[in-house]
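Below: the structure, in structure tokens.
The values are calculated or read from the model by the stated rules, or taken from the named source; none is laboratory data. Please read these numbers as outputs of a predicted model, since none were measured by experiment. Here Cβ is always computed from backbone atoms with ideal geometry, including for glycine, and neighbour counts include all displayed protein chains. All accessible areas refer to the heavy atoms of the entire protein, side chains included, with ligands and DNA or RNA removed. Shrake-Rupley method; radii C 1.70, N 1.55, O 1.52, S 1.80 Å.
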There are 2 protein chains.
Amino acid sequence: MLAFMTTKIRLFVDHPLGAAQSVELTREQAHYLFAVMRQPVGASVSLFNSRDGQWQAEIVEAGKRKGILLCKKQTKALQMPPDLWFMFAPIKKSRTDFIVEKAAEMGAARILPIQTEFTNSERVRRDRLQTHAIEAAEQCGGTFVPQVDEMRSLESLLSEWPSDRHLMFCDEEKVGQASSLAGFPKGPWAILIGPEGGFSKNERQKLNGLSFARSIALGPRILRADTAAVAALSLWQTHLGDWS
Amino acid sequence: MLAFMTTKIRLFVDHPLGAAQSVELTREQAHYLFAVMRQPVGASVSLFNSRDGQWQAEIVEAGKRKGILLCKKQTKALQMPPDLWFMFAPIKKSRTDFIVEKAAEMGAARILPIQTEFTNSERVRRDRLQTHAIEAAEQCGGTFVPQVDEMRSLESLLSEWPSDRHLMFCDEEKVGQASSLAGFPKGPWAILIGPEGGFSKNERQKLNGLSFARSIALGPRILRADTAAVAALSLWQTHLGDWS
């Protein structure tokens with residue numbers, strides 16, 4: 001009965017967690033736990049909800065479409081990511097999924113799909129991307145799941161930009177220049193990754209003219225958008241985030 | 001006739017390139033250029049071979065299974081990556097493909113699949129991985145394709161380690177510590193990314209005892225192997241490679 005000895009299964013639940021708190025599962029979670037993972041009553045599962053850290057919980061009721069877990073003890077404190085927005089222009093489906101997964105893994109606090117002039121996809125399924133962010137946190141031991149926003153246009157987002165938030169964007173025309181974040185101030189930030197075709201001339205002019213925006217280069221080779229996403233997040237986390 | 005005006009198609013060829021050099025295509029390349037991309041005689045294609053930079057070439061013969069191109073002029077000088085080996089333990093197929101693609105994009109000079117104690121795949125198809133590295137270079141404007149080695153064991157590789165090459169490995173037990181490359185010397189390096197289950201206790205002990213090896217942490221969250229690959233390459237390139 002390996003299931004009794006390990007607590008490898010981690011589930012994100014949208015439910016308060018605390019001592020002796022009982023947690024009702026959704027239909028999908030019950031299916032996953034009992035039909036897919038074949039967990040019996042009495043088995044342990046780790047739960048987190050982006051608010052109360054990670055809790056070890058015991059299965060007390062297991063049904064086909066429902067189930068109840070009972071929180072036993074907190075096994076990890078809540079670990080909030082830095083105040084970092086991750087903005088990106090959706091590309092092909094599998095790479096968009098990948099970008100969301102990576103942003104969640106790398107510690108973005110909020111994920112914002114952005115419509116730019118050269119963005120091909122006119123809409124994204126927010127709920128599907130949110131599911132990817134949840135799965136990434138479940139896999140990677142995180143206690144926080146970044147919210148995925150509905151897609152909106154870069155223009156409208158910039159027009160309501162919060163005055164205290166800095167913006168770092170990856171400028172393809174800087175290819176070959178040093179990729180330095182030296183002198184970038186601490187505080188709330190957003191990273192913006194453009195679409196495969198890059199930013200339009202208008203967009204680049206606009207971005208370069210914003211007082212809160214800084215551009216960076218990412219080496220002498222052209223990077224795909226998903227690569228640029230992980231690279232930019234790595235550099236930001238090391239210089240300004242919780243990797244330093 | 002858009003094809004005459006753009007030279008968006010880039011092909012890696014294992015053939016010398018130079019002024020007035022004619023280049024015979026392989027069967028696969030001919031199929032791609034003429035059947036898939038529908039390029040006519042007279043159209044321009046960019047060629048590179050990891051040695052002679054990028055050349056604009058004109059299609060002079062187009063057949064079903066063969067074709068000949070004629071080099072016109074060099075359009076990009078050869079850009080060698082830094083002397084960086086990228087070593088990784090293959091994981092699931094799609095993520096292994098992804099890691100190879102990213103290592104090529106990020107500027108590794110050589111890619112070495114490594115068998116560790118916790119590596120699940122016993123073998124990888126070297127030719128398939130090499131194709132991914134070529135496609136990444138074709139897509140990303142590179143003029144160099146890293147060689148993908150046959151898989152070998154970490155132990156055997158370490159037993160013949162070149163005396164002048166440093167080794168950076170990502171230590172999961174350092175999760176939460178600062179990810180700093182400060183003090184890492186310049187010179188030939190290798191990056192080693194472990195498998196999903198991490199390194200074994202023996203391997204970690206051995207790695208930590210090597211005079212040429214340095215460990216780094218990659219933030220407070222556990223990263224998947226493919227994420228760790230891009231993150232480690234970003235940090236190395238910024239500090240010691242050609243991003244600085």
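Structure data summary
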| read-out | value |
| --- | --- |
| Estimated translational D of region B:84-239 in µm²/s (Stokes, Kirkwood radius over Cα pairs; 25 °C; 0.890 mPa s) | 158 |
| Charge dipole (the protein assembly as shown, unit charges on Cβ, about Cα centre) - positive-most of B:185, B:109, B:236 | B:109 |
| Helix-only CD estimate at 222 nm, as mean residue ellipticity for the protein assembly as shown, using -39500 (n - 2.57) per DSSP H run (n ≥ 4) | -7500 deg cm²/dmol |
| Peptide B:224-236, shielding by other chains (average Cβ, 10 Å cutoff) | 6 |
| Reciprocal of mean inverse Cα separation for region A:2-76 (Kirkwood radius, Å) | 11.9 |
| Region A:68-170: GluC sites (Glu not before Pro) in DSSP loop, at most 12 other beta carbons within 10 Å | A:122, A:150, A:160 |
| Debye, to nearest 20: dipole size of chain A, +1 on Lys, Arg Cβ, -1 on Asp, Glu Cβ | 460 |
| Pairs of alpha carbons in the protein assembly as shown whose separation is greater than 44 Å (percent) | 19 |
| Pairs of Cα atoms farther than 24 Å apart, region A:25-163, % | 42 |
| Lysine pairs within region A:84-239, Cα separation less than 20 Å, 8 or more sequence positions apart or different chains | 4 |
| Considering only region B:84-239, percent of DSSP beta bridges that pair antiparallel, nearest 5 | 0 |
| Accessible surface of residue A:151 - all protein chains present, 1.4 Å probe, nearest 10 Å² | 40 |
| Qualifying trypsin sites (Lys or Arg not before Pro) for region A:126-201 [loop in DSSP, other Cβ within 10 Å: at most 12] | A:186 |
| 7 Å along Cα→Cβ, label-point gaps from residue A:19 to other copies, nm, shortest first | 8.4 |
| Inter-label distance for residue B:202 and residue B:147, nm, one decimal - labels placed 7 Å from Cα along Cα-to-Cβ | 2.9 |
| In region A:66-121, the trypsin sites (Lys or Arg not before Pro) that fall in loop regions by DSSP, at most 15 other Cβ within 10 Å | A:66, A:92 |
| Accessible area buried between chains B and A, both sides summed, probe 1.4 Å, in Å² to nearest 100 | 2900 |
| Positive-pole candidate from B:34, B:48, B:22, dipole of region B:20-68, charges at beta carbon | B:34 |
| Cut-off 19 Å (backbone N to label point 7 Å along Cα→Cβ of residue B:122), residues of region B:156-184 | B:156 |
| Computed P(r) (all Cα pairs; region B:83-127; 10 Å bins; percent) | 28, 58, 15 |
| Pairwise centroid distance, computed over Cα atoms, of region A:184-221 with region B:49-98, Å | 29 |
| Debye, to nearest 20: dipole size of region B:102-244, +1 on Lys, Arg Cβ, -1 on Asp, Glu Cβ | 240 |
| Size of electric dipole in the protein assembly as shown: Cβ of Lys, Arg +1 and of Asp, Glu -1, about Cα centre, debye, nearest 20 | 520 |
| Relative contact order %, chain A, counting alpha carbon pairs below 8 Å whose residues are six or more apart | 18 |
| Per-selection Rg to Rh, region B:203-244 - Cα, Kirkwood hydrodynamic radius | 1.02 |
| Label point distance in nm, residue A:93-residue A:181, each placed 7 Å from Cα along Cα→Cβ | 3.3 |
| Relative contact order for region A:2-76, counting Cα pairs under 8 Å that sit 6 or more residues apart, in percent | 37 |
| Residue B:164 accessible area, 1.4 Å probe, all protein chains in place, Å² to nearest 10 | 90 |
